[in-house]
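See below for the structure under consideration.
The values are calculated or read from the model by the stated rules, or taken from the named source; none is laboratory data. These figures come from a predicted structure and were not determined experimentally. All Cβ positions, glycine included, derive from the backbone under ideal geometry; neighbour counts span all protein chains shown. Quick note on the areas: whole protein, heavy atoms, side chains included, nothing else; ligands and nucleic acids left out. Shrake-Rupley method; radii C 1.70, N 1.55, O 1.52, S 1.80 Å.
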Amino acid sequence: MDVITTDHWDEVLWREAEPIYYAAFPEHGRKSKAIIRNMFQKQLCQLHLAKSEGEFVAMAITGTVEASRAIIIDYFAVRADLRSKGIGSVFLALLKAWAKADGDYTILLIEVEAEDTQTNAERAKFWEKAGFHSTEYVHKYIWVPEPYRAMYYQLDPKPISTSGEHLFSFITRFHRESFSKKEQ
């Protein structure tokens, strides 16, 4: 599997990622194309596209908050017809290697739905099998109905607080910056 990563808006790459993104996330759970483009203009994110046997099979959008030393996996999706075939695990391992190679980050974060459902438990299990740890803290946003829990993966043994409240301070700041308009 090859992964293409860009930290600049690329319309051609986005057209490849977009069908995977839209199939994986319901309208209330995804950012619009305009907001994602704004995130690139503000240098908040990276697009990662996984390609296998000449086809795009997975996508992720990762983001950073200045001075946090954390990388946030904002979106992570495998093409619907290829799920449960190990592609997500391989893709995530490559994302972890990419994050570690930078050397400036100490933690990789994901927020997962915290409601007690089978689907949410299966998603959390995927992240746990990949070495992520769950926090107890449950965060409730005002703009989406679902509560969320932070999960983290240590990239570097340097100490960082892994309390859910602390980790959500990075995640909510990233979302706030994502939705704010680009400064002129």
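What GluC sites (Glu not before Pro) does the range 20-66 have in DSSP loop regions with at most 12 other beta carbons within 10 Å?
Working: sites: GLU27, GLU53, GLU55, GLU66; in loops: GLU53, GLU66.
Within the range 20-66, the qualifying GluC sites (Glu not before Pro) (loop, at most 12 other Cβ atoms within 10 Å) are GLU53, GLU66.
For the chain, how big is Rg over Rh, using alpha carbon atoms and the Kirkwood form of Rh? Let's see the in-between values first.
Working: Rg = 15.5 Å, Rh = 16.8 Å.
A ratio of 0.93.
Would you mind calculating the gained length between TRP98 and GLU66 on full extension (0.36 nm times residue separation, minus the Cα-Cα distance), in nm to one decimal?
In short, 9.7 nm is gained.
Averaged per residue, what accessible area in Å² does the range 1-136 show with a 1.4 Å probe, protein chains only?
Accessible area per residue, the range 1-136: 51 Å².
Once the piece of chain linking HIS133 and HIS28 is laid out straight, how much longer is it, given 0.36 nm per residue of separation minus the C-alpha distance between them? Don't skip to the answer; put the middle values down first.
On the way: separation 105, 0.36 × 105 = 37.80 nm, distance 2.61 nm.
Stretched fully, the HIS133-HIS28 segment lengthens by 35.2 nm.
I want to check a number: in the chain, how many lysine pairs have alpha carbons closer than 18 Å, given a sequence separation of 8 or more or different chains?
Taking the Cα cut-off of 18 Å, the pair count is 17.
How large, in percent, is the carbon and sulfur part of the accessible surface of the chain at a probe radius of 1.4 Å?
Carbon-and-sulfur percentage of accessible area, whole number: 49.
Expressed as a whole number of Å, what is the distance separating the alpha-carbon centroids of the range 1-78 and the range 90-164?
Answer, in whole Å: 17.
Per-residue ellipticity at 222 nm for the chain, helices alone: DSSP H runs ≥ 4 residues times -39500 (n - 2.57), over residue total, nearest 500 deg cm²/dmol?
So the calculated ellipticity at 222 nm is -11500 deg cm²/dmol.
What shape does the range 135-184 have by the C-alpha gyration tensor, where a ≥ b ≥ c are the square roots of the eigenvalues, rounded means a/c under 1.5, and otherwise prolate means a/b greater than b/c and oblate the rest?
The shape class here is oblate.
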